[in-house]
Amino acid sequence: MDLTFEEFRDSLASRSRRAKVLKRDGRHFFVLISQQFSKEELDNLCDTATAIRRLDRHVDGREYLRALLRGARIMNLFAQPSTRTAESFVAAADKLGAHSRLVSDIRTSSFSKGESVEDSVRTLSSFFDGIVARHPDDDFGIRAAWALSKTQRTIPVISAGSGKSQHVTQSLLDFYTLRYSLAAKGGVDGKTVMIVGDIARNRAGRSLAYLLTKFDSPTIHFVSPRAHAPDDQLLEYIRGHDIEVHVHHAIKPLLESHGESIDAMYMTRLQQEWDKGNVAGQPSTEQKLGTADDFILHHDYRKFIRPDCVLMHPLPRVNELPDEWEEHPGFVVWRQVRNGMWIRAAVFATVFGADEEIRDRGKRLGLM
Ligand code: ASP
């Protein structure tokens, strides 16, 4: 396959061309954007995560899991701040017996000497069997995958957050959590989801919105500052899937009029690290963080919503989701964190071809 970088990147926009560049032998090999998963593949991923979670409860299940990727080496390259995501990838690899290395200080890597993405990832592919990457550049993961797809030693690339554009594994864990939380009500189909934050530069909210397009007639309410409202590309994509989508600029009026109809709320912080004057993707230490009242879910708004409304946040939170909400029956934020590890283990299992076996074993043992 001899595509230019632009051809490779543009092919991600079309379902059939995307599969050709992101899959190997029918399985996802490069995990870069939420749109790449079909509904059936999402269900398989969730079932794999559940099987891993349940197998991990018992000594023999744990031993079985830890033998699956024994000897595999994963490079976690984090060029932007992360605690949760980086550690959850490390813990996920550990569950399957793979060895992880975490490089989070990019100043100690050759990037700081001006090395190209292409050379860096080719070098890493000599020592590692998979790369997990977080980078302020929207296209970093795509460029890494493109560069590797042209080499003899192609290894999987999993994005752990690409600039302002997408955070695919976050959306997978969000979906896993949402699917579980809404299971008794028929799942995600037809549900109303509110996504709050700087949507134009909030990769977690954007990836979740892309993922929701896989379901039957959900309704999406975005609530964002005017300056960072959802971009046309995202809105057109959603509308192109016959999904009802609305854009608002304050939480309170929306909850006053529609609070009862909302099944899930996805709160995010304002992404001030991208504000003018900051070095791309790095927060300033002097900046006053998280102050805009219209995007805070004040605790007295609970009178507008149903007690079963699912309350999510990708974390870190600043002041937009006060602690009092932890008492709310639908608060699942800490479950999301834990699910991050299980779904990332399922992603590793998928790209390395161990997922079917895990699901089969889970079924055979009556765990699912
Ligand atoms: N942890 C998420 C991310 O890396 C959300 C956030 O930082 O606000 O995008």
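The values are calculated or read from the model by the stated rules, or taken from the named source; none is laboratory data. Keep in mind that this is a model prediction, so the values were computed, not measured. Positions of Cβ are generated from backbone atoms using ideal geometry, with glycine treated the same way; all protein chains shown enter the neighbour counts.
A few notes on this one:
- Search result, residues across region 55-76 that are closer than 17 Å to Met341 by Cα, free of Cβ contacts under 8 Å to residues at least 60 places away in the same chain and either of a type in the set (Asp, Glu) or within 16 Å of the ligand (Cβ to nearest atom) (or both): Asp56
- Single condition Ala227 does not satisfy, out of (1) in contact with a Phe, Trp or Tyr (Cβ under 6 Å, 6 or more places away or on another chain); (2) closer than 21 Å to Gly163 by Cβ: (1)
- Test: residue in region 284-291 that is outside any loop (DSSP other than H, G, I, E, B) and of a type outside the set (Asp, Glu): no
- Among (1) surrounded by fewer than 16 Cβ atoms within 10 Å (Cβ to Cβ); (2) in contact with a Lys or Arg (Cβ under 9 Å, 6 or more places away or on another chain), the one test that Val132 misses: (1)
- Single residue of Arg57, Arg24, Arg15, Arg9 found to be in contact with an Asp or Glu (Cβ under 7 Å, 6 or more places away or on another chain) and not hydroxyl-bearing (Ser, Thr, Tyr): Arg9
- Residue within region 51-72 that is in contact with a Lys or Arg (Cβ under 8 Å, 6 or more places away or on another chain) and closer than 30 Å to Leu234 by Cβ present: no
- Residue in region 194-205 that is touching a residue at least 24 places away in the same chain (Cβ under 8 Å) and over 30 Å from Glu87 (Cα atoms) present: no
- Number of residues in region 130-163 that are away from the ligand (no atom under 14 Å from the Cβ), charged (D, E, K, R) and under 23 Å from Met341 (Cα atoms): the value is 0.
- Residue in region 281-295 that is modelled with pLDDT of 95 or more and surrounded by 13 or more Cβ atoms within 10 Å (Cβ to Cβ) present: yes
- Restricting the search to strands (runs of 3 or more DSSP E) fully inside region 164-261 and requiring at least 1 residues that are within 16 Å of the ligand (Cβ to nearest atom) gives 192-196, 219-223.
- Residue identified as touching a residue at least 12 places away in the same chain (Cβ under 8 Å) and in contact with a strand residue (DSSP E or B) (Cβ under 7 Å, 6 or more places away or on another chain) among Ser171, Ser126, Ser159: Ser159
- Check on Leu102, touching a residue at least 24 places away in the same chain (Cβ under 8 Å), within 16 Å of the ligand (Cβ to nearest atom) and more than 24 Å from Asp2 (Cβ to Cβ): yes
- Check on Ser82, small (Gly, Ala, Ser), surrounded by fewer than 17 Cβ atoms within 10 Å (Cβ to Cβ) and touching a residue at least 60 places away in the same chain (Cβ under 8 Å): no
- Residue check, Val132 among the β-branched types (Val, Ile, Thr), within 19 Å of Thr219 (Cα to Cα) and either modelled with pLDDT of 95 or more or outside any helix (DSSP H, G or I) (or both): no
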